[in-house]
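In what follows, a structure is listed as structure tokens, so that the remarks can point back to it.
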Amino acid sequence: MFAKVIIDQEVKAINQIFEYSVPEKLTLQVGMRVFVPFGKRILQGYVVGLSETCSYDKTKLKSVISSLEDFCAIKPEMLQLMNFMAKKNHLTMASTLRLFLPSEMREGKVREIYETFYSLADKSFEPKKNAQKQAALLEFLKERDRCSSIELGNRFGYATIKSLLEKGAITKQKEKIERKPLVLPKQDKKVELNIMQKRAIETINGQNVFLLHGVTGSGKTEVYMHLIERELSRGKNALLLVPEISLTPQIMSNFKARFGDFVAMLHSGLSAGERFDEWKRIFSGQARIVVGARSAVFAPVENLGIIIIDEEHEQSYISESNPRYFTHDIAAFRASYNHCPLVLGSATPSVDSYQKVVDGQYQLVELPTRANGKELPAIQIVDMIGEIRRGNNGIFSAQLIADLGQVVANKKQAMMFINRRGYSSFMRCRDCGYVATCSDCDVSLVYHREDNRLKCHYCGKQFKVLTHCPNCKSDNIKYGAVGTEQVVAKLKELFPQVKILRMDNDTTSTKNSHQKILSEFKNSLPAILVGTQMIAKGHDFENVTLVGIVDADQSLFQADYRSTERTFQLITQVAGRAGRSKDEGKVVLQTYAPRHYVYKFASNYDYKGFFKKEANIRQTACFPPFSRIIRLLISDNDENYARELLKICYTEIEKLKDTYQNQILYLDAMKAPIKKIQNKFRYQILLRVKLEQADQIEELVFDIANKIVKNNVFLEINPTNMS
Ligand code: ADP
Ligand code: ZN
Ligand code: ZN
């Protein structure tokens, strides 16, 4: 017997399949992990094929040493997914396979698929007085024979278990994980679905991609749960992806409450051990619903009946660093492998996804009204240039201050949203609202402090910093954004008696800090919560009657062809936080560009109108989804060497023009907007190509880069960050 093996090393040079002979005594299956001799070393590999024959001289073949486990860590579906991703994302096979395994199983670590249980060992053990968690755990175990490590860990923390184990108060048993029969937990409260929800559930059936466009509060979560329930009752399993778990605590607790132990959660808040515990439950078929953030798309659930991506427009579904991938592609592959529906849910679908509805690739399903029948809150646009003309130079308009005063008087709550993205900043005239844009690309220019220039991230053109506004000649030109601290300080000045909370990257760096801030907010009346993107989605506070968007333009004038789309999404999401319960809500949106089309459509909740306009602009300017952007980033410590590589690559890529002249919309080589990161000099080649033959061109560009540059190159497709 011979085995085809992929060596678990990310090096491109050995990104191929090696053959080994299999000793008689060893029983191998495709998907198992093995140890093999490689050169002078012993390395870990994956068996991807077995056969009676080999293509090499048998006598020269080395043999497999042993298998790591007695099970197949890589399931057949995942082997096919590997092939798909390696090709689509230009990844080495080993780096894709690594995505499919929890870190606890990587680097040759041997693992067993057992579940751990704990029970009382020493009934007379007395914990120290202040060890309340230990006492609670012991109390809990007294009432039952034993408890699984997962449940115990969730309730009392893994540190508590560890210390009691060391003290001999509890013992541990391991058991092979068995499949449990299907018994759904009893449901206490179940809402009656409305007619639109029912229709959505009937429509979403069979192998297809469905775009579920439902306004904020339309009850999409309820639809997801019913769909999942239906698949469970058909004997199938489900996968639900959510943007970032810590931000969607509600969805998590809802699922736990309804599906209990059937749910496995995979998210960044778990320790490596906890992650592995959940992975095992999924792998063995014990957990049948997987809820998780982006990387949960690789969870080893078999027999999928449905895959759902909630908030499908979220950028976090794109993995921008190596290995690069787009969650939707992976989900679509898995849905088609399992012949099941893929549901993309959002109140503000991405332009890419909605264009696929237009093109007939996705089926549209709509939930046009809020589930509780409440109107969406009114959005009032406030012209900040008018404020300046009236002598108000502050960060809050008179309208916003008046509305905040009303909230305080009524003992209600307000959320103040500050938009903060990336480090780039645009230049804006404070007198007329003019923003500097590229003359060729129609995207905003980014100010680069290091060389005091304005740069276009799509064509590399550079411009002098403006001293006067070309529109109104004013010299009142500024860049930079208002920060959360500044807003908090101002609010404290205006409302010294009111509880004011701040939620951003600085205040949420420790574990559970999110929850702490949110629960403090929930329990204070009146209160104002100031925050960044973090407060934009998922939260459901019944006393929030006012949402203020302090400077809506911050996401609008980013040097990114998607910045208008992002702005629309953000406004809709943030506005959705107001007036969710009995009190009517209101949104005040402050802008220096009140006549920009995005505000007109967003304030009317007119997604379709916005999409039409935006798609039209993209089509005219030849930007995605009507073209593909390919960026080849070359970096090296030696600037001359990086430039040399760039030149050679460019010469080769330019030759593609012979065959693809009419397909290439743009091609140029240049310094990257940020010239140096971590002492590496960065150069780039930018291509914009028509869709017709984009795949072929991408492939050829990749081959060229791979041949010439090997390890210092990054190929990006429609990158979201062009700096
Ligand atoms: P979305 O995810 O679309 O923004 P949610 O799923 O969070 O909306 O639902 C918003 C609120 O409406 C939730 O409190 C939910 O419990 C409630 N809800 C959902 N469906 C119904 C229904 N059919 N009848 C009444 N309330 C509902
Ligand atoms: Zn001006
Ligand atoms: Zn440009």
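The values are calculated or read from the model by the stated rules, or taken from the named source; none is laboratory data. Since we're looking at a predicted model, the values are computed, not measured. In this analysis, Cβ positions are derived from the backbone assuming ideal geometry, glycine residues included, and neighbour counts consider all displayed protein chains. Keep in mind that these areas ignore ligands, DNA and RNA; they rest on the heavy atoms of the full protein, side chains included. Shrake-Rupley method; radii C 1.70, N 1.55, O 1.52, S 1.80 Å.
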One residue is enough: does the range 221-238 have a residue meeting the conditions part of a loop (DSSP other than H, G, I, E, B), within 16 Å of ligand 1 (Cβ to nearest atom) and either surrounded by fewer than 18 Cβ atoms within 10 Å (Cβ to Cβ) or under 29 Å from the mean Cα position of the chain (by Cα) (or both)? no
For Gly386, all conditions in the list (1) within 16 Å of ligand 2 (Cβ to nearest atom); (2) on the phi < 0 side of the Ramachandran plot; (3) at pLDDT below 90 hold save one; what is the number of the exception? (3)
Given the condition part of a helix (DSSP H, G or I), open to solvent by 50 Å² or more (accessible area, probe 1.4 Å) and free of Cβ contacts under 8 Å to residues at least 60 places away in the same chain, answer yes or no: does some residue in the range 622-639 qualify? yes
Take the range 519-549 and flag every residue that is in contact with a Phe, Trp or Tyr (Cβ under 8 Å, 6 or more places away or on another chain) and open to solvent by 10 Å² or more (accessible area, probe 1.4 Å). Lys522, Thr532, Phe541
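Inside the range 29-43, can you point out the residues that are outside any strand (DSSP E or B) and open to solvent by 20 Å² or more (accessible area, probe 1.4 Å)?
Within the range 29-43, Gln29, Val30, Gly39, Lys40 meet the criteria.
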Answer yes if at least one residue in the range 354-371 is open to solvent by 50 Å² or more (accessible area, probe 1.4 Å) and hydroxyl-bearing (Ser, Thr, Tyr), and no otherwise. yes
Show me the strands (runs of 3 or more DSSP E) entirely contained within the range 397-470 in which 1 or more residues are in contact (Cβ under 8 Å) with a residue 40 or more places away in the chain and not basic (Lys, Arg). 413-417, 427-429, 446-448
Has the range 315-325 got any residue that is of a type in the set (Gly, Ala, Ser) and either modelled with pLDDT of 95 or more or more than 14 Å from the chain's Cα centre (by Cα) (or both)? no
Residue identified as more than 16 Å from ligand 1 (Cβ to nearest atom), among the hydrophobic types (A, V, I, L, M, F, W, C) and open to solvent by 30 Å² or more (accessible area, probe 1.4 Å) among Ile418, Ile401: Ile401
Which residues, counting only those in the range 297-325, are in contact (Cβ under 8 Å) with a residue 24 or more places away in the chain, closer than 19 Å to Phe702 by Cβ and open to solvent by 40 Å² or more (accessible area, probe 1.4 Å)? Ile318, Glu320, Asn322
Can you tell me which of Lys516, Lys522 is free of Cβ contacts under 8 Å to residues at least 24 places away in the same chain and within 16 Å of ligand 1 (Cβ to nearest atom)? Lys522
Working only within the range 145-165, note down all residues that are more than 17 Å from Ala121 (Cβ to Cβ) and part of a helix (DSSP H, G or I). Ile150, Glu151, Gly153, Asn154, Arg155, Tyr158, Ala159
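Restricting to the range 423-469, count the residues that are among the hydroxyl-bearing types (Ser, Thr, Tyr), away from ligand 2 (no atom under 16 Å from the Cβ) and buried (at least 16 other Cβ atoms within 10 Å of the Cβ). Walk me through it before giving the result.
Keep residues of the range 423-469 that are among the hydroxyl-bearing types (Ser, Thr, Tyr), which gives 423-425, 434, 437, 439, 444, 447, 458, 467.
Those left that are additionally away from ligand 2 (no atom under 16 Å from the Cβ): 423-425, 439, 447, 458.
Subset that is buried (at least 16 other Cβ atoms within 10 Å of the Cβ): 424-425, 447, 458.
Qualifying residue count, the range 423-469: 4.
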Take the residues of the range 580-621 that are touching a strand residue (DSSP E or B) at 6+ places or on another chain (Cβ under 6 Å) and either more than 22 Å from Ile385 (Cβ to Cβ) or of a type in the set (Lys, Arg) (or both): which is least open to solvent (accessible area, probe 1.4 Å)? Gly585
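This table checks each residue for (1) modelled with pLDDT of 95 or more; (2) part of a helix (DSSP H, G or I); (3) not hydroxyl-bearing (Ser, Thr, Tyr).
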| residue | (1), (2), (3) |
| --- | --- |
| Val487 | no, yes, yes |
| Pro496 | yes, no, yes |
| Arg502 | no, no, yes |
| Asp553 | no, yes, yes |
Exactly one condition in (1) under 22 Å from Gln533 (Cβ atoms); (2) over 15 Å from the mean Cα position of the chain (by Cα); (3) crowded, with 21+ Cβ neighbours inside 10 Å is not met by Met252; state its number. (3)
Condition check: among the β-branched types (Val, Ile, Thr), free of Cβ contacts under 8 Å to residues at least 12 places away in the same chain and within 16 Å of ligand 2 (Cβ to nearest atom). Does Thr507 satisfy that? no
Quick one: how many residues across the range 52-65 are outside any loop (DSSP other than H, G, I, E, B) and exposed (fewer than 12 other Cβ atoms within 10 Å of the Cβ)? 3
Please indicate, with yes or no, whether at least one residue in the range 88-99 is among the hydroxyl-bearing types (Ser, Thr, Tyr), under 30 Å from Asp703 (Cβ atoms), open to solvent by 20 Å² or more (accessible area, probe 1.4 Å) and part of a loop (DSSP other than H, G, I, E, B). no
